[in-house]
Amino acid sequence: MDRGGFEAFATGAGRRALSVLASAQAAWKRWREDRACRRHAIPDVLWQLTLARYPFLSWRSADELGRVRHLATLFLAQKEFSGAHGLVVSDEMAVAVAAQAALLILNLDGGLDLYAGFVGIVLHSDAVMVAREVMDEDGVVHEYDEELAGEAMQGGPVMLSWQDVEAASEDSGQANWAYNVTIHEFAHVIDMVDGRADGVPPLADRREHARWGQVMTAAYTDFCTQVDAHQRTSIDPYAANSIEEFFAVSVETFYVQPLELQREAPSVYRLLADYFHEDPARHAGS
Ligand SMILES: [Zn+2]
């Protein structure tokens with residue numbers, strides 16, 4: 001056997017060994033997922049209740065809802081919920097958060113891996129006041145209190161006010177702006193997967209980065225001009241705080257009031273539709 005033949009044989013054997021290893025790993029992953037699904041199965045009644053509360057979930061096909069439920073179940077298996085100041089986290093609360101977190105990653109390649117950077121989810125009964133400090137250009141430190149309905153930090157945990165999570169379940173058709181703190185905070189989590197909170201989620205290549213930067217920067221500049229001029233906007237004016245808030249609020253609007261986002265910022269709607277592989281405006285109002 002010449003050298004080339006031996007190398008070909010070794011390469012072939014190596015490939016076979018790798019493929020055996022990959023299928024063993026896939027089988028192991030499936031077994032762990034099946035076990036997690038059995039242990040953390042969401043009861044039918046609770047699942048139906050969750051769907052009824054969040055209208056942007058309920059219009060989906062049985063196949064999509066099955067996948068959302070599967071991801072939500074695995075999410076419940078992987079994450080640790082805790083209640084602050086004596087709040088008891090019920091199954092209803094945990095499933096409400098898990099289902100909405102699952103919706104965001106439903107058609108994303110990274111799936112649950114996008115949430116691998118944190119484990120804890122802390123629920124507060126209501127919004128939390130936190131002391132903040134900011135230094136101005138003259139080096140003077142200003143202290144102020146900020147009311148938080150939710151917060152996502154690099155490495156976690158994710159903090160959510162249950163009262164605000166619940167508020168998003170009410171019919172938002174009459175509200176001025178989409179409001180969904182759960183989707184908002186998990187959009188921040190996805191933004192931070194690459195280690196930066198800059199309003200840019202993980203993207204495939206430079207071309208996608210270029211398009212993202214172009215669309216979001218132009219839309220954010222227009223939006224800030226509208227807010228400064230006190231014009232009425234479909235996107236919550238809170239989004240004018242920074243481009244990363246503009247991203248998180250746009251994602252909220254995309255899922256909860258997609259027709260409004262499509263009308264007001266069509267380029268952002270198309271960008272998010274391509275990114276999340278979703279077209280919620282097609283179903284809205286039907
Ligand atoms: Zn935010």
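Annotations
- Residues of the range 217-249 that turn out to be modelled with pLDDT under 95 and charged (D, E, K, R), as a count: 2
- Within the range 134-157, residues that are under 11 Å from Val122 (Cβ atoms) and acidic (Asp, Glu) have Cβ atoms under 6 Å from residues that are within 15 Å of the ligand (Cβ to nearest atom) and part of a strand (DSSP E or B) in these pairs: Glu151/Met159, counting only partners at least 6 apart in sequence or on another chain.
- Check on Val193, more than 16 Å from the ligand (Cβ to nearest atom), in contact (Cβ under 8 Å) with a residue 12 or more places away in the chain, β-branched (Val, Ile, Thr) and assigned to a helix (DSSP H, G or I): no
- The residue that is farthest from Glu208 (Cα to Cα), among those in the range 222-277 that are outside any loop (DSSP other than H, G, I, E, B), in contact with a helix residue (DSSP H, G or I) (Cβ under 9 Å, 6 or more places away or on another chain) and β-branched (Val, Ile, Thr), is Val227.
- Selected residue (criterion: farthest from His277 (Cα to Cα)) from residues of the range 196-215 that are more than 11 Å from the ligand (Cβ to nearest atom) and in a loop (DSSP other than H, G, I, E, B): Arg196
- The residues of the range 262-276 that are touching an Asp or Glu at 6+ places or on another chain (Cβ under 9 Å) and touching a residue at least 60 places away in the same chain (Cβ under 8 Å) amount to a single one, Tyr275.
- Near pairs, Cβ below 6 angstrom, 6+ apart or cross-chain, from the range 16-43 (within 12 Å of Leu74 (Cβ to Cβ)) to any residue that is among the hydroxyl-bearing types (Ser, Thr, Tyr) and surrounded by 10 or more Cβ atoms within 10 Å (Cβ to Cβ): Cys37/Thr73; His40/Thr73; Ile42/Thr73
The values are calculated or read from the model by the stated rules, or taken from the named source; none is laboratory data. What you see is a predicted model; the values in this text were computed from it and never measured. Don't worry about glycine lacking a Cβ; one is built from the backbone with ideal geometry, like all the others, and counts go over all protein chains shown.
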